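Asker: Could you have a look at this structure, given as structure tokens, before my questions?
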Amino acid sequence: MTGETHTIEELAARALGPYEDRPDVEGVARLVDDLITAGQALHTEVAGIPVSGQTQRAISALAEWSYFVTAGPLSGSDHANWNHARGLGRIARVLAAELAAYRAATG
């Protein structure tokens, strides 16, 4: 990440904040990089849950995350980059919730 540690929830909250609070172009790029870095670790953890312990929501979020990271924003516009960050934030929240639920269930 970019010099400081952020939790997925902090990153997602920044990405999903009001439009008028969005960062500048460079800030959005850093946010996307930070989300991908933190989200990839989360993705790996959720993917490591035994298939019998994965919910449909987890399976869908894993596939969606892979697609979003691979595809990137749909265009090079500032708006597309911001929407991409917001999508990553939403998926990261789902992955985090699924991992927390699995850990709670398995103790």
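Listed here are the residues, each with its yes/no results for (1) touching a residue at least 12 places away in the same chain (Cβ under 8 Å); (2) of a type in the set (Val, Ile, Thr); (3) in contact with a Leu (Cβ under 6 Å, 6 or more places away or on another chain).
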site	(1), (2), (3)
Gly72	yes, no, no
Gly76	no, no, no
His79	no, no, no
Trp82	yes, no, no
Leu88	yes, no, yes
Ile91	yes, yes, no
Val94	yes, yes, no
Ala97	no, no, no
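Asker: Identify all residues within segment 35-53 that are without any contact (Cβ under 8 Å) to a residue 12 or more places away in the chain and over 27 Å from Trp82 (Cβ atoms); write none if there are none. Break it down into steps so the answer makes sense when it comes.
Answerer: From segment 35-53, those without any contact (Cβ under 8 Å) to a residue 12 or more places away in the chain are 41, 44, 48, 50-52; that's our starting set.
Hits for segment 35-53 are Gly48, Pro50, Val51, Ser52.
Asker: For segment 40-60, enumerate the residues that are closer than 13 Å to Glu98 by Cα and either of a type outside the set (A, V, I, L, M, F, W, C) or touching a Lys or Arg at 6+ places or on another chain (Cβ under 9 Å) (or both).
Answerer: Residues satisfying the conditions are His43, Thr44, Glu45, Gly48, Pro50, Gly53, Gln54, Thr55, Gln56, Arg57, Ser60.
Asker: Criterion first (under 15 Å from Ala12 (Cα atoms) and either within 15 Å of the chain's Cα centre (by Cα) or not acidic (Asp, Glu) (or both)) does Leu88 satisfy it?
Answerer: Numbers: under 15 Å from Ala12 (Cα atoms): yes; either within 15 Å of the chain's Cα centre (by Cα) or not acidic (Asp, Glu) (or both): yes.
Here the answer is yes, as Leu88 does meet what is asked.
Asker: Here is a follow-up. When you scan segment 56-83, how many residues do you find that are within 10 Å of the chain's Cα centre (by Cα) and within 23 Å of Asp21 (Cβ to Cβ)?
Answerer: Number of matching residues: 1.
Only the coordinates and a few stated rules stand behind these numbers; no lab work does. Given the structure is predicted, the values throughout are model-derived calculations rather than measurements. Note: ideal-geometry Cβ built from the backbone for every residue, glycine included; neighbour counts use all protein chains shown.
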